[in-house]
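Visitor: First the structure, which I've put down as structure tokens, then a few questions once you've had a look.
The values are calculated or read from the model by the stated rules, or taken from the named source; none is laboratory data. Quick caveat, the model's predicted, so the values are computed rather than measured. Counting neighbours? That spans all protein chains shown, and the Cβs are built from the backbone with ideal geometry, glycine included. Remember, those area values only see protein heavy atoms, side chains included, never the ligands or the DNA or RNA. Shrake-Rupley method; radii C 1.70, N 1.55, O 1.52, S 1.80 Å.
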Amino acid sequence: MALLPDLLDAGVLELCRTEPKFHEGVLEAYEASYAEVHRWLVWAQEDPTPEDFWVHLQEDNVRFEKNDGWRYVILERVSGLVVGWASLRPTESSDVVSIGYWVRTDRTRLGYASAATRCLTNAAFHHLAEVDRVEISMDRSNVASVAVPRKLAYRLDRETEYEPLTPAHTGRGFVWTIDRASWTNANCLDERAARI
């Protein structure tokens, strides 16, 4: 049985468990964002076919149910459009999960990646009792991606070096992290600020 719910509320967005029914929306979002996702995302290097996306959605659905990773499509509530993907993934440490995200090019700079990441961080600490830390990794030159954890009070934990796998990768990365206590404190502060 899946540990995370099928639907998560992210304000102007809804995160929906990946299923084959989202095939057309995911494909359209990918095609609208090809130039950008190809620059940064490893899975986009071989230019997935429509059939590949269908298989990925089916595999994601199985992984979700087995708690081997939880990927969601990001839906824009107003339009109903698929505007990206976001996921929680297990790591080598049982008390740490990792968040990944991408937002379609024509919906960037609207706070969607931050909203989805905030939602998944909440979900990780609410539904995964053994998790004490959430991480987000990216190439250090991906300025838009770097802005997301910084905005959400994650702290820069370490810098990494890795083999570049996409045209925009520099081989130098950042790993941002937040633990359960820090997230709780940051969200309490946010709630107090909203009431003032």
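Visitor: Scan region 18-68 for residues that are of a type in the set (Gly, Ala, Ser) and open to solvent by less than 70 Å² (accessible area, probe 1.4 Å) and jot them down.
Guide: 25, 29, 32, 33, 44
Visitor: Now for a separate question. I'd like to verify a number: residues in region 4-17 that are farther than 12 Å from residue 84 by Cβ, touching a residue at least 40 places away in the same chain (Cβ under 8 Å) and either surrounded by fewer than 16 Cβ atoms within 10 Å (Cβ to Cβ) or of a type in the set (Gly, Ala, Ser) (or both), how many?
Guide: So the answer is 4.
Visitor: Name every residue in region 93-113 that is touching a strand residue (DSSP E or B) at 6+ places or on another chain (Cβ under 7 Å) and closer than 26 Å to residue 157 by Cα, in order of residue number.
Guide: Passing the criteria: 95, 96, 97, 98, 99, 100, 101, 102, 103, 112, 113.
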